Amino acid sequence: MAITLSGDQSIPAPPLSSRLTPAQVWGIVLLAPYLLVFLAFVVYPVCYGLWLARAPSNYVALYNDPIFARAAVNTLIFLVIGINIKMLIALFLSGFFAQQRPWIKWLSVIFILPWAVPSIPTILSVRFMLNPEWGVINHIIFSLTGDDGPNWLNDPTVALSMAIGVHIWKSLPFWTLILITGRLAIAHDLFEAAEVDGASWWQKFRYITWPSMQTLYITCTLLSMIWTLGDFNSVYLLTGGGPADLTHVLSTLGIRYLRLDQLSLAMASIVCAMPFVLPLVYFMMKRLSR
């Protein structure tokens, strides 16, 4: 590139390196490794997965597979029931743990352990507890009643309910902590004025707490839905998709096709989750941009 002065005279433009400040150069140097990692481990796998799932025959095969339809229904049940129960419990527990009492602070340390401990040992421990032969739950039932306990994970409805329960138990502390921060941000003077006016706890919640936390609650719910769509551990580590592949969700269904050596169907089943994810991302970003 050259800068023209007049006629045929021109001066070569200085090189790019001389036009950048040292701070800009260091910014590019430090940013380059991140971009390379992002391209190698995010962009390339996503593009490769979309390329594997490009054939329309993959989606015809998924449509004709009854396990895929069951997995889609299970995913909706997981989202509608699991997310709403989890967020409602987190909303009310945030009010309990926001109290300034020493014993509540110690209790909160115990409460946060399921979220802090890695998923594999915690969920597998629950699976061992539910074992029909030597699990601790059936052992307690036998010692109290003399009868053998049920095979908890042999019924699809019970197994999926257990998976939803494990998901709530595992992620509830995190969302409770987020909502506690929202409660602590509310001016305490509002509650003192309501107390003087004789407001009940429900009136305080309805007219002070909920209006102040509504945006945070909805945003957390949308974000939790996005993360739950990718929750592989709660279902696969507990039930393995069984019995008879009837508790699979879209995040675990790909493993079933991989076991059958059907890589393109595995990728297509993951792509089918996009209609669930993209609207949630759109609504969440729209709320955050207000």
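The values are calculated or read from the model by the stated rules, or taken from the named source; none is laboratory data. Fair warning: this is a prediction, and the values are worked out from it, not measured in the lab. Note that each Cβ is placed from the backbone with ideal geometry, even for glycine, and that neighbours are counted across all protein chains shown. Note: areas computed on protein heavy atoms with side chains; ligands, DNA, RNA excluded. Shrake-Rupley method; radii C 1.70, N 1.55, O 1.52, S 1.80 Å.
Students often check this: by mean Cβ neighbours within 10 Å, which of 215-221, 235-241 ranks highest, and how do the rest follow?
Working: 215-221: 17.1, 235-241: 22.3.
Listed from highest to lowest mean packing, they are 235-241, 215-221.
For the chain, what is the mean residue ellipticity at 222 nm derived from helices alone (per DSSP H run of n ≥ 4: -39500 (n - 2.57); sum divided by total residues; nearest 500 deg cm²/dmol)?
Details: 18 runs with 202 residues, N = 290.
Here the helix-only value at 222 nm equals -21000 deg cm²/dmol.
From the phi angles alone, apply the Karplus equation (6.51, -1.76, 1.60; θ = phi - 60°) to region 124-139 and give each ³J(HN,Hα) in whole Hz, x where the residue is Gly or Pro.
Couplings: 5, 5, 5, 4, 5, 5, 8, 4, x, 9, 10, x, 5, 5, 5, 5 Hz.
Given labels modelled 7 Å from the Cα in the Cβ direction, how far is it in nm from A194 to I28?
5.6 nm
Farthest toward the dipole's positive end in the chain, which of M225, I28, C47, given Cβ charges of +1 (Lys, Arg) and -1 (Asp, Glu) about the Cα centre?
Positive-most Cα among the choices belongs to I28.
Say the cut-off is 27 Å between C-alpha atoms; which of K105/K170; K105/K286; K105/K204 go over it? Don't skip to the answer; put the middle values down first.
Details: K105/K170 19 Å; K105/K286 36 Å; K105/K204 23 Å.
K105/K286, as the Cα separations exceed 27 Å there.
With a ≥ b ≥ c taken as the square roots of the eigenvalues of the C-alpha gyration tensor of the chain, please select rounded if a/c is under 1.5 and otherwise prolate if a/b is larger than b/c or oblate if it is not? Walk me through the numbers before you get to the answer.
Numbers: a/c = 2.40, a/b = 1.29, b/c = 1.86.
Oblate, because a/c is 1.5 or more while a/b does not exceed b/c.
Quote the charge dipole size of region 85-164 about the Cα centre in Debye, to the nearest 20; the model charges only the Cβ of Lys and Arg (+1) and of Asp and Glu (-1). Display every interim value, and only then the final one.
Working: 4 positive and 4 negative charges, 118 e Å.
Computed charge dipole of region 85-164: roughly 560 debye.
With the crude spin-label approximation of a point 7 Å out along Cα→Cβ, what separation in nm comes out for F92 versus F128?
Roughly 3.3 nm, to one decimal.
If you place +1 on the Cβ of every Lys and Arg, -1 on the Cβ of every Asp and Glu, and leave all else neutral, what size is the dipole of the chain about its Cα centre, to the nearest 20 Debye?
On the way: 16 positive and 13 negative charges, 109 e Å.
My answer is approximately 520 debye.
What's the angle, to the nearest 10 degrees (0 to 90), between helix 102-111's Cα axis and the longest principal axis of the chain?
Approximately 80 degrees, to the nearest ten.
Between the helical axis of 250-259 and the dominant principal axis of the chain, each derived from Cα atoms, what acute angle in degrees is found, rounded to the nearest 10?
90 degrees
Per-residue HN-Hα couplings for region 275-281, Karplus 6.51 cos²θ - 1.76 cosθ + 1.60 at θ = phi - 60°, whole Hz, x for Gly and Pro?
x, 7, 6, 4, x, 5, 5
Could you list which residues have their amide H under 5 Å from that of G242, counting only those 5 or more apart in sequence or on another chain, with H placed in the peptide plane?
T247
Write down the accessible area per residue of the chain in Å², having rolled a 1.4 Å probe over the full set of protein chains. Let's see the in-between values first.
Values: 17940 Å² over 290 residues.
Heavy-atom accessible area per residue stands at 62 Å².
Could you look at the chain and say what percent of its accessible area is carbon and sulfur, using a 1.4 Å probe and all protein chains?
Working: 12610 of 17940 Å².
Ligands and nucleic acids excluded, carbon and sulfur give 70 percent.
Using 0.36 nm times the number of residues separating V73 and R101, minus their current alpha carbon distance, what extension gain do you get?
On the way: separation 28, 0.36 × 28 = 10.08 nm, distance 4.36 nm.
Residue separation times 0.36 nm, minus the Cα-Cα distance, leaves 5.7 nm.
For region 179-258, give the magnitude of the charge dipole about the Cα centre (Cβ charges: +1 Lys/Arg, -1 Asp/Glu; no others), in debye to the nearest 20. The partial results should precede the final answer.
Numbers: 4 positive and 6 negative charges, 51 e Å.
Value, rounded to 20: 240 debye.
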